[in-house]
1. Of the numbered conditions (1) closer than 30 Å to Asn229 by Cα; (2) in contact (Cβ under 8 Å) with a residue 60 or more places away in the chain, Leu323 satisfies every one except a single condition; which is it?
2. Take Asn79 and tell me if it is crowded, with 20+ Cβ neighbours inside 10 Å and assigned to a strand (DSSP E or B).
3. Among Ala104, Ala1, which is at pLDDT 65 or above, surrounded by 20 or more Cβ atoms within 10 Å (Cβ to Cβ) and touching a Gly at 6+ places or on another chain (Cβ under 9 Å)?
4. Does segment 320-340 contain any residue that is over 23 Å from the mean Cα position of the chain (by Cα), surrounded by fewer than 19 Cβ atoms within 10 Å (Cβ to Cβ) and of a type in the set (A, V, I, L, M, F, W, C)?
5. Any idea how many residues of segment 130-168 are surrounded by fewer than 18 Cβ atoms within 10 Å (Cβ to Cβ) and closer than 18 Å to Trp64 by Cβ?
6. Does segment 359-376 contain at least one residue that is assigned to a strand (DSSP E or B) and in contact with a Cys (Cβ under 9 Å, 6 or more places away or on another chain)?
7. Of the residues that make up segment 198-214, is at least one aliphatic (A, V, I, L, M) and surrounded by fewer than 23 Cβ atoms within 10 Å (Cβ to Cβ)?
8. Is it true that some residue in segment 55-65 is closer than 23 Å to Thr122 by Cα, modelled with pLDDT of 50 or more, part of a loop (DSSP other than H, G, I, E, B) and open to solvent by 40 Å² or more (accessible area, probe 1.4 Å)?
Amino acid sequence: ALCALHSLPPRPLSGSMASSKMVRSLLCSSAAVLAASQQVGQMQQEVHPEMWLQVDCTADGCQWERGAVVLDANWRWVNKDGQNCYMNDNTWDPAHCSDPASCAQQCALEGADYAATYGVSTNTYKDGVNLNFVTVGAYAKNFGSRLYVMDGEDTYKLFKLKNKEFSFVVDVSNLPCGLNGAVYFVEMDRHGDWDGVSNKAGAKYGTGYCDAQCPHDLKFIKGEANVLNWNSTSVPPVGRYGACCAEMDIWEANSMATAFTPHPCSQAGLTKCEGTACGDNVKGERYMGICDKDGCDFNSFRMGKEDFFGRGPQFDVDSTKPLSVVTQFLTSDGTDTGDLVEVKRFYVQDGKVIPNSEATILGPNGGDSVTDGFCEA
């Protein structure tokens with residue numbers, strides 16, 4: 001699985017997680033991240049913001065591992081020799097992008113000025129990142145960001161989650177209703193679909209993204225530009241193809257609500273979809289595609305505990321203060337190779353462990369975790 005940190009307006013039913021303040025640390029696991037694109041630009045050097053993780057945790061403590069984050073390719077400047085390949089924020093230049101292959105061969109992804117252009121910076125202790133939602137740069141105003149965790153200059157970090165625990169510290173106190181901050185895993189290629197030919201950028205430049213919503217707004221998919229049938233009037237602009245893969249939303253939240261949601265797909269890895277396989281909403285085919293777009297979510301408010309998460313001390317989890325989010329992936333036999341049977345959640349705040357709420361809306365056996373039984377209820 002790949003791990004993504006996302007700061008964006010909410011997507012329908014699935015997710016990205018927005019934070020105006022940050023993910024401070026990622027603990028106790030081993031994981032990966034996301035990507036998508038083509039040639040490498042020469043106008044801006046790519047320097048990944050450093051972020052240390054704690055891994056291999058036991059009762060005696062954790063090991064520190066040096067990592068970094070990378071900005072998704074869709075946010076980057078796409079150009080040929082300094083001239084825009086993608087114009088006016090919504091249109092491909094036909095001079096360079098008349099077809100998918102030639103566009104990918106001619107156009108390049110630039111490095112990112114993370115802080116000045118995208119509002120992304122490493123925190124003081126270098127164990128997390130600060131994400132600003134709106135950043136006014138020298139040439140444009142930027143909204144949100146999507147980052148992936150790296151374990152090298154050219155590779156995403158892959159997290160092996162079965163029989164493991166994944167935790168992070170987050171502050172969503174500045175995220176109002178209407179914004180969504182997300183930490184999630186997706187089944188992306190470790191190298192960002194780098195092939196050295198049509199995609200020379202790879203994971204180093206954040207290529208190869210996919211998720212269970214099969215997004216059509218990606219500019220490049222598997223080394224080719226998504227220029228065919230490009231609809232520049234759509235919000236966001238979209239192309240013919242989508243990019244589908246399994247997704248595990250660890251944290252979709254603002255200061256008013258939160259949920260965690262698995263979204264399985266019937267095909268492994270990134271699938272470049274077209275037509276019914278994408279399950280597009282606009283065609284009325286949402287439930288005909290290869291991915292479960294709704295997923296099996298656990299939202300405490302919707303599950304009957306309306307005072308579990310929110311702003312202030314009257315809630316079990318007070319979103320006006322930082323908190324640790326802990327997710328456990330339990331297997332049938334307690335080994336890393338056993339079948340995944342339960343995704344369990346709890347929180348830590350002010351030194352107190354707070355179990356997840358019960359799904360009382362489902363009756364006395366609703367439970368407080370995601371299992372086959374919970375999803376079938």
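1. Leu323 satisfies all of (1) closer than 30 Å to Asn229 by Cα; (2) in contact (Cβ under 8 Å) with a residue 60 or more places away in the chain except (1).
2. So Asn79 passes the test.
3. Ala104
4. no
5. Selection size over segment 130-168: 2.
6. Yes: segment 359-376 contains one or more residues that are assigned to a strand (DSSP E or B) and in contact with a Cys (Cβ under 9 Å, 6 or more places away or on another chain).
7. The initial filter retains those residues of segment 198-214 that are aliphatic (A, V, I, L, M), namely 201, 203, 212.
If we keep only those that are surrounded by fewer than 23 Cβ atoms within 10 Å (Cβ to Cβ) as well, we get none.
Scanning segment 198-214 turns up no residue that is aliphatic (A, V, I, L, M) and surrounded by fewer than 23 Cβ atoms within 10 Å (Cβ to Cβ).
8. No, segment 55-65 contains no residue that is closer than 23 Å to Thr122 by Cα, modelled with pLDDT of 50 or more, part of a loop (DSSP other than H, G, I, E, B) and open to solvent by 40 Å² or more (accessible area, probe 1.4 Å).
The values are calculated or read from the model by the stated rules, or taken from the named source; none is laboratory data. For clarity, every value in this text was computed on a predicted model and none was experimentally measured. Every residue, glycine as well, gets a Cβ built from its backbone with ideal geometry; the counts of neighbours run over all protein chains shown. Surface areas here come from the heavy atoms of the whole protein model, side chains and all, with no ligands, DNA or RNA. Shrake-Rupley method; radii C 1.70, N 1.55, O 1.52, S 1.80 Å.
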